[in-house]
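The values are calculated or read from the model by the stated rules, or taken from the named source; none is laboratory data. In this text the structure is predicted, and so the values were computed from the model without any measurement. Cβ coordinates were reconstructed from backbone atoms using ideal geometry, including for glycine residues, and neighbour counts include every protein chain displayed.
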């Protein structure tokens, strides 16, 4: 794997990672010259802080990495290293157990991401880390590849990642793991019973699609994943402002996240019967675009009044979710960049988690804490369902009030899932607004690692 190596050489520099308490004890045992150097540098082993310790000949004797109080997330402390160290070979001096080694290597790996597809110069060069003993290299590579896949897809401009290209990327992931894939395109969506997906996507010259991937032994528990794939969202006839449209290449972040999870599931050979459904559209403006006040048919037979064409994600998801629940899966999960309301409630870095199953929700949150990929549970508060009532159809695609928008969006989707299936809905930003170590500004796979870890524990044991 890039930026890792199997062995040290004569020029390899060691890295010692210390919490604040460990650093204080370590410092007392060092030579006076080293203590003076550290005092002059005001190094206190804060989370992600680094300092070079010079040797007598002026070379670097070792690198110190701060891990903070010990309660700070070590993953992102390790992620601070690749962007600060000069190109070369490094190895961790600490004796790490397999879990600690995984965190260290994953942090290093995630920090080596650079979306340079459109750069003609200035490509970043990163140092290499010697694999620590006992680390599961395949597990690190699996998580890195999944996160990088999602980031690459989200970062790619819509001109180069339209419905056809996103469907092709999904097909590539499927075929690499010997999965079957079917793509339903354009007016065939009507014939196959996906009228809402077609209605949202028909305003674009780039035809809407539904990608359907199947993988695994049919005797295994059914796991179905659904991802919102709006490759660009103008808002439709309820046009977004220029500022509101600026990041809308990321509106397929749900599909990117689901593909990343699916890729990890197949790579790890989890014992599930996996199905992936990706409704993919461009929400564009034309004489063929759907309109506010239109009433749409859906796969489930529920009629939907269009209160706002900018609430298109839930319309394409409703058809996919209706199909997903029809097979009565053991677990149904969807990811979507669905509402600004979730960002208002939780900020851009913490996905909102909704679920009809308390045990599953708790397992996801626990996995998120363990692998430093948190989410926050939000309520499916049924009394708010009244805000989706329509005078002329079964339901409206937007609420009649401005409050609780993430909840009412989730309640809309729940209408198409039914009561029997254990369902999880994740409303995510899918984008780092600010750059931080290991998390560059741009597309991000929030919640992906947490969800995979929960699935691994559920279906393959802990």
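Test residue 144 against the stated conditions and say whether it is part of a helix (DSSP H, G or I) and either at pLDDT 95 or above or under 19 Å from the mean Cα position of the chain (by Cα) (or both). Yes; evaluated as a whole, the condition is true for this residue. Of all residues in segment 326-348, those satisfying the criterion of being more than 19 Å from residue 247 (Cα to Cα) and buried (at least 20 other Cβ atoms within 10 Å of the Cβ) are 329, 331, 332, 333, 334. Does residue 415 satisfy the condition of being in contact (Cβ under 8 Å) with a residue 60 or more places away in the chain, touching a helix residue (DSSP H, G or I) at 6+ places or on another chain (Cβ under 8 Å) and closer than 23 Å to residue 325 by Cβ? Yes, satisfied.
This table checks each residue for (1) over 23 Å from the mean Cα position of the chain (by Cα); (2) farther than 19 Å from residue 402 by Cα; (3) in contact (Cβ under 8 Å) with a residue 12 or more places away in the chain.
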site	(1), (2), (3)
288	yes, yes, yes
324	no, yes, yes
330	no, yes, yes
339	no, no, yes
362	no, yes, no
367	no, yes, yes
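Output the number of residues of segment 205-231 satisfying the condition of being assigned to a loop (DSSP other than H, G, I, E, B) and either under 19 Å from the mean Cα position of the chain (by Cα) or surrounded by fewer than 24 Cβ atoms within 10 Å (Cβ to Cβ) (or both). Counting residues in segment 205-231 that are assigned to a loop (DSSP other than H, G, I, E, B) and either under 19 Å from the mean Cα position of the chain (by Cα) or surrounded by fewer than 24 Cβ atoms within 10 Å (Cβ to Cβ) (or both) gives 10. Applying the set (1) farther than 18 Å from residue 137 by Cα; (2) modelled with pLDDT of 95 or more to residue 71 leaves exactly one unmet item: (2).
Within segment 178-196, the set of residues being in contact with a strand residue (DSSP E or B) (Cβ under 6 Å, 6 or more places away or on another chain), part of a loop (DSSP other than H, G, I, E, B) and surrounded by fewer than 21 Cβ atoms within 10 Å (Cβ to Cβ) comprises 179, 192.
Where strands (runs of 3 or more DSSP E) fall wholly inside segment 1-98, the ranges with 1 or more residues that are without any contact (Cβ under 8 Å) to a residue 60 or more places away in the chain and not assigned by TED's automatic domain parsing to the domain that holds residue 436 are 13-18, 50-54, 60-66. Quick check: is even one residue across segment 115-123 more than 30 Å from the chain's Cα centre (by Cα), more than 23 Å from residue 371 (Cβ to Cβ) and surrounded by 13 or more Cβ atoms within 10 Å (Cβ to Cβ)? No, segment 115-123 has no match at all. Screening the candidates 314, 273, 299 for the property of being more than 27 Å from residue 449 (Cα to Cα), touching a residue at least 24 places away in the same chain (Cβ under 8 Å) and either buried (at least 18 other Cβ atoms within 10 Å of the Cβ) or over 21 Å from the mean Cα position of the chain (by Cα) (or both) yields one hit, 299.
Here is a yes/no grid of residues against (1) within 19 Å of residue 349 (Cβ to Cβ); (2) not in a helix (DSSP H, G or I):
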site: 402; (1), (2): no, yes
site: 412; (1), (2): no, no
site: 417; (1), (2): no, yes
site: 421; (1), (2): no, yes
site: 434; (1), (2): yes, yes
site: 445; (1), (2): yes, yes
site: 449; (1), (2): yes, no
site: 457; (1), (2): no, no
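Checking residue 68 against (1) surrounded by 15 or more Cβ atoms within 10 Å (Cβ to Cβ); (2) over 30 Å from residue 373 (Cβ atoms); (3) out of contact with any strand residue (DSSP E or B) (no Cβ under 8 Å at 6 or more places or on another chain): exactly one of these is not met. Which one? Condition (2) is where residue 68 drops out. Scanning segment 99-112 for residues that are farther than 17 Å from residue 1 by Cβ and in a loop (DSSP other than H, G, I, E, B) turns up nothing.
Looking only at residues of segment 155-177 that are part of a helix (DSSP H, G or I) and in contact with a strand residue (DSSP E or B) (Cβ under 6 Å, 6 or more places away or on another chain), we find that the one that is surrounded by the most Cβ atoms within 10 Å (Cβ to Cβ) is 163.
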